[in-house]
Amino acid sequence: MNIHESAEDYLEAILILRERQGAVRSIDIVHQLELTKPSVSVAMKRFRENGYIEMDSDGFITLLPPGEEIAQRIYSRHKLLTQFLIQLGVSEDVAAADACKMEHDLSDETFEKIRAHALGQ
């Protein structure tokens, strides 16, 4: 499965929801990402078929190692970019929104340079 920005957003949302509330169901993703139930259902089916998540009989979603890896990578980018933009003087809301856009498109090289700069390395 070729992972695109929207797929990364779904996996990141599952991770964030899991951290916030412990267990995650499709309806939680619907509310988090402000999407329709059918679109989330189709995405979850594709993720299951491709080994990114599993869903138990009660509808609870668990990230499998490949999905966890992608979610952690995107979420860590998001957090670092948000903090970096805030340090530059950007308001918290704008920084979070901009980080959401940037986290998907930055090359690994550029992100690593920003990370090193932000951490004073």
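Determine whether residue 34 is at positive phi and open to solvent by 70 Å² or more (accessible area, probe 1.4 Å). Show your work before the answer.
On the way: at positive phi: yes; open to solvent by 70 Å² or more (accessible area, probe 1.4 Å): yes.
Taking the combined requirement at face value, the residue satisfies it.
Here's the yes/no breakdown for (1) over 14 Å from residue 8 (Cα atoms); (2) touching a residue at least 40 places away in the same chain (Cβ under 8 Å):
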| site | (1), (2) |
| --- | --- |
| 74 | no, yes |
| 78 | no, yes |
| 83 | yes, no |
| 86 | yes, no |
| 91 | yes, no |
| 95 | yes, no |
| 98 | yes, no |
| 106 | no, no |
| 112 | yes, no |
Considering residues of segment 37-57 that are of a type in the set (D, E, K, R) and in contact with a strand residue (DSSP E or B) (Cβ under 8 Å, 6 or more places away or on another chain) only, the residue surrounded by the fewest Cβ atoms within 10 Å (Cβ to Cβ): 56
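Considering each of 53, 114, 74 in turn, give the residue that is more than 15 Å from the chain's Cα centre (by Cα) and on the phi < 0 side of the Ramachandran plot. Step through it out loud before you land on a result.
Details: 53 fails: more than 15 Å from the chain's Cα centre (by Cα); 74 fails: more than 15 Å from the chain's Cα centre (by Cα).
The match here is 114.
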Failed condition for residue 65, given (1) open to solvent by 60 Å² or more (accessible area, probe 1.4 Å); (2) over 17 Å from residue 16 (Cα atoms); (3) not hydroxyl-bearing (Ser, Thr, Tyr): (2)
Matching residues, segment 10-25, being under 15 Å from the mean Cα position of the chain (by Cα) and free of Cβ contacts under 8 Å to residues at least 60 places away in the same chain: 10, 13, 14, 16, 17, 18, 19, 20, 24
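So, in segment 7-31, of the ones that are within 21 Å of residue 77 (Cα to Cα) and touching a Ser or Thr at 6+ places or on another chain (Cβ under 9 Å), which residue ends up least open to solvent (accessible area, probe 1.4 Å)? Step through it out loud before you land on a result.
Taking segment 7-31 as the starting set, the residues that turn out to be within 21 Å of residue 77 (Cα to Cα) are 7-20, 29.
Add one more test, that the residue is touching a Ser or Thr at 6+ places or on another chain (Cβ under 9 Å), and what stays is 14, 18.
Working: 14: 2, 18: 83 Å².
Looking at the filtered set, the residue picked out is 14.
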Residue tally, condition assigned to a loop (DSSP other than H, G, I, E, B) and surrounded by fewer than 16 Cβ atoms within 10 Å (Cβ to Cβ), over segment 82-105: 3
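The values are calculated or read from the model by the stated rules, or taken from the named source; none is laboratory data. Since the model is a prediction, treat every value here as computed from it, not as a measurement. Note: ideal-geometry Cβ built from the backbone for every residue, glycine included; neighbour counts use all protein chains shown. To get the accessible areas, we keep the full protein, side chains included, count just its heavy atoms, and leave off ligands, DNA and RNA. Shrake-Rupley method; radii C 1.70, N 1.55, O 1.52, S 1.80 Å.
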